[in-house]
1. Taking θ = phi - 60°, what integer Hz values does the Karplus form 6.51 cos²θ - 1.76 cosθ + 1.60 yield along segment B:352-360, in sequence order, with x for Gly and Pro?
2. Which residues does a label at A:R127 reach in segment A:24-63, if reach means a backbone N under 13 Å from a point 7 Å past the Cα toward the Cβ?
3. Once label points are set 7 Å from the Cα along Cα→Cβ at both B:R200 and B:L133, what is their separation, rounded to one decimal in nm?
4. Among A:W74, A:L31, A:A50, whose Cα projects farthest towards the positive end of the dipole of chain A, with charges put on the beta-carbon of Lys, Arg (+1) and Asp, Glu (-1)?
5. I need B:H420, B:H118 ordered by Cβ neighbour count within 10 Å, fewest first.
6. Taking a quarter of the surface of the convex hull around the Cα atoms of segment B:209-292, what do you get in nm²?
7. List residues of segment A:142-157, by number, whose backbone nitrogen lies under 15 Å from a label position 7 Å along Cα→C-beta of A:V37.
8. Under the √(5λ) rule applied to the eigenvalues of the Cα gyration tensor, what semi-axes describe the equivalent ellipsoid of chain A? Give them in Å, descending.
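Rule-based calculations on the coordinates, nothing more; no lab input. The model shown is predicted, which means the values in this text are computed figures rather than measured ones. We place every Cβ from the backbone using ideal geometry, glycine too, and count neighbours over all the protein chains shown.
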Amino acid sequence: MEAVGADGADGADGDGPEEAGQWRRVQPALLTLWRAVLVMWTAPVVLVAALLPVLLGAPEWALPALLPLALAAWGWVVLGRVCRSWRYLERADDLLISRGVMWKQLTVVPYGRMQLVEVTSGPLDRRFSLARLQLHTAAAATDATIPGLAPDEAERLRDRLTELGEARSAGL
Amino acid sequence: MSTQGEQHGAPHGGTPGSPGDGPPRPGGFPPEGRRLHPVTPWRRAWAPLAGLGALVTQNPERLRDAAELGLVPLLGFTTAVLAVAAAYGFLSWRVTRYRITETELRIRTGLLFRRTAHLRLDRIQSIDITQPLLARVLGVAKLKMDVVGAGSHDELAFVGEAEARELRAELLARAAGIAPEAAPAAGEAPARQLYRVETRTLAWALALLGTGWGALLAALAGIPLMLWLTGSVFAAAVTGLPMAVALWRSSVGGFLTQYGWTVSESPDGLRLDHGLLQKEHATVPPGRVQSVRLVEPLLWRRRGWVRVELEVAGAGHESGLLLPVTTRAECVALLGRLLPRVDIEAAVAAVRPAPRRARWAVPVWWRGYGHGVTEAVFVARHGRLRRVHTLVPHAKVQSVRLTRGPRQQALRLADIHVDHGAGGTATARQMDAGYAAAEVAAQAERSRLGRRAARPDRWLT
């Protein structure tokens, strides 16, 4: 539950409305999880591409293995930036979620519009003690998800959001 | 499965002493519910036969096999299929019942898998009555309820014509919050005709649409080309068929469904009646409109014509069309009744175009993009040939999003998306980034205030 200082640090070039309150970051464990998944998917490909030509006696054909390796290295860096870009802010009447580096997105969901708050935690998430919070409104296009919350924080947020949602509830 | 899950466990019959559970009042509901019209089974009986026919004709070899069987076994087989289908239809008709309680419409169906749908009356968005040609001959109609989260199964097909009208009146009266005892007696609310699309105007409007001419042109160019290239009539016919369908849809088909389009006002909301062969009838209660689209195709603009489309929460009635063609002034007057606090002229006038540098992001079409805001609505404009204004009342906004792709970041541009309850999104594209960020913040505030001023769900209470 680390509250990183208001809209400071890297990449936050003020595309979110400046407000009192604190932008919170997601857990750094999320980055570890994402990178672990990345390695899990790319390592076998790289290994097979690198070792198979050597075993078959044509070592020069191991060079193309550098391509997935380079892609993985690039992914490693990109994941770091993307993960750091996830932020959320609880304001008096709405929740702001900001994310993305290349494709930036800022979502504003008023508390009164929330139909359902969902906290999910898959086996991998639990391994890294993470939880994912998802807000549903009556609009299917609403894309409000916060991955990589600490379970306590996810529960606190869920309870607070449902409470606020009930207090400010409005019809369709 | 129940469409309203949370209602499933509700005690049968609601509060004690509710009229729905009491002794059946004259014209009221027996406790076990009413049945659909007795012609209903026949609708289901012919379906398997048609399926069989399609299966046989699709494969010519099977057709030959079938012919070799001889006429008598073939007839016998067909009769057997028909009998089984009829029996199934009859039995499923027998177990299908519906009743209106104080808060819900309950439909119980299913021969093997029992399914009970409880549709909450205060969540009804609109009620449509449809009468296909055959149903008109038989004097029956299909009643379709739009409830948030309901599927296509939740329709009453078929009930008697008079009964359908009564049911619609009662459902709408209850949904509006009229006292339950008075609801059956309230009857059909009086309607006053507001607007009728003249046949000549409709024909001209359809003739001036680009899509019909496009399909015709494609057919005129495509079919001979195909014939010349392959020399096969079959190939030409195969390519020509979809074009012919598109042509039919945008011209004659559109004319048949939109013929005699009448909008009338009643305390239940706006009533829409239309159709030459297949009569359709829809009611849009007030306060349920999530978004309005004004569509102005290129060739209509000189005449000042506009098509008005609505988006209503729920499954959405027939393509969301409110008026196939009307003048700007009529459209403003009509929408004034649906959205009383919205000034359409002001909203359209408030639209500001995208900045000039947007031409590097979207070369020709950037001119079409625009965004505007009034006290009551968010307006987004797009389209260059076919200009579309999308209006979302602030009170209906579910969430606001700001997105920026890589090229937009380089050009300091951003898109504003406004999601509304009908599952749609109004997008103001290629706005100045600073302006967009300020607008998103302001929009969140506006929709919060707009909701406070919004009317309650039960519009007569």
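1. The phi angles translate into 10, x, 5, x, 4, 5, 4, 5, 7 Hz.
2. It comes to A:32-41, nothing else.
3. 2.8 nm
4. So the residue furthest toward the plus end is A:A50.
5. On the way: B:H420 29, B:H118 21.
Fewest-to-most Cβ neighbours within 10 Å comes out as B:H118, B:H420.
6. Values: hull surface 30.5 nm².
That works out to 7.6 nm², a quarter of the Cα hull's surface.
7. Label zone hits: A:145-149.
8. Values: eigenvalues 312, 59, 38 Å².
Whole-Å semi-axes of the equivalent ellipsoid: 39, 17, 14.
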